[in-house]
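A quick write-up on the structure given underneath.
The values are calculated or read from the model by the stated rules, or taken from the named source; none is laboratory data. Note that the structure is a prediction, hence the values are computed from the model and not measured. Reconstructed Cβ throughout: ideal geometry from the backbone, glycine too, with neighbour counts over all protein chains shown. Accessible surface is based on the protein model in full, side chains and every heavy atom, while ligands, DNA and RNA are left aside. Shrake-Rupley method; radii C 1.70, N 1.55, O 1.52, S 1.80 Å.
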Amino acid sequence: MIYDHCFRVKAPLSEVVSFHRLAASMSSITPPPLRVKVNNAPAELFDGAEMDFSLCVGPFCLRWLARIEDVSPAGFTDRQLHGPFQEWNHRHSFHRVDVNITEVNDQISAQLKKSFGGRLLGWGLWLGLPF
């Protein structure tokens, strides 16, 4: 499964990059109806950092553990170590359009788990991504 979503933010590149590298920003960049609760993560994400968080819909929460990789001024990748997918790699890329506009590109490659329940859960989360 491949997901590619691009949008523009009215903010300088440096501010967008800094914002996305803060663990506390995860709740702001997660699309509703999902809510995020960061259980354990460094305040600022760096190469090799691990983020333990829960994704919640209503009263139901799902635990997820991701490792931050390939950090550069152009972006970073979060790779699922434990969670609802068999595999999940999410690349956050940032590109300067002009002084006050930054393009954000989210690229995700994922594989569903083999079990019926795992596939159902994975599809539900996948279909919740903004298209």
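Nonpolar atom fraction for segment 87-131, defined as the carbon and sulfur part of the 1.4 Å probe accessible area, stands at 59 percent. Only the Cβ atoms of Lys and Arg (+1) and of Asp and Glu (-1) were treated as charged; on that basis the dipole of segment 60-99 about its Cα centre amounts to roughly 100 debye. Rolling a 1.4 Å probe over the protein heavy atoms leaves THR30 with an accessible area of roughly 30 Å².
The C-alpha atoms of the chain define a longest principal axis, and helix 116-127 lies at about 30 degrees to it.
Given Cβ point charges of +1 (Lys, Arg) and -1 (Asp, Glu) and nothing else, what value in debye, to the nearest 20, does the dipole of segment 6-47 about its Cα centre take? Don't skip to the answer; put the middle values down first.
Numbers: 5 positive and 3 negative charges, 47 e Å.
Roughly 220 debye, rounded to the nearest 20.
Measuring max minus min along each principal axis, the C-alpha atoms of segment 90-131 give extents of 48, 15, 9 Å (largest first). Put a dot 7 Å past the Cα of PHE60, heading toward its Cβ, do the same for ASN40, and the two dots end up 2.6 nm apart. What the Cβ-Cβ distance of SER72 and VAL99 gives, at R0 = 25 Å and to the nearest 0.05, is a FRET efficiency of 0.75. Computed with a 1.4 Å probe over protein heavy atoms only, the accessible surface of the chain comes to 58 Å² per residue. Relative to the compact-globule scaling 2.2 N^0.38 Å, provide the ratio for the alpha-carbon radius of gyration of segment 15-110. Against the compact-globule rule of thumb, the ratio is 1.07.
Using unit Cβ charges (K, R positive; D, E negative) and no other charged atoms, how large, in debye to the nearest 20, is the dipole of segment 1-78 about its Cα centre? If you can, show how the numbers build up before the last one.
Values: 7 positive and 9 negative charges, 80 e Å.
Dipole size: approximately 380 debye.
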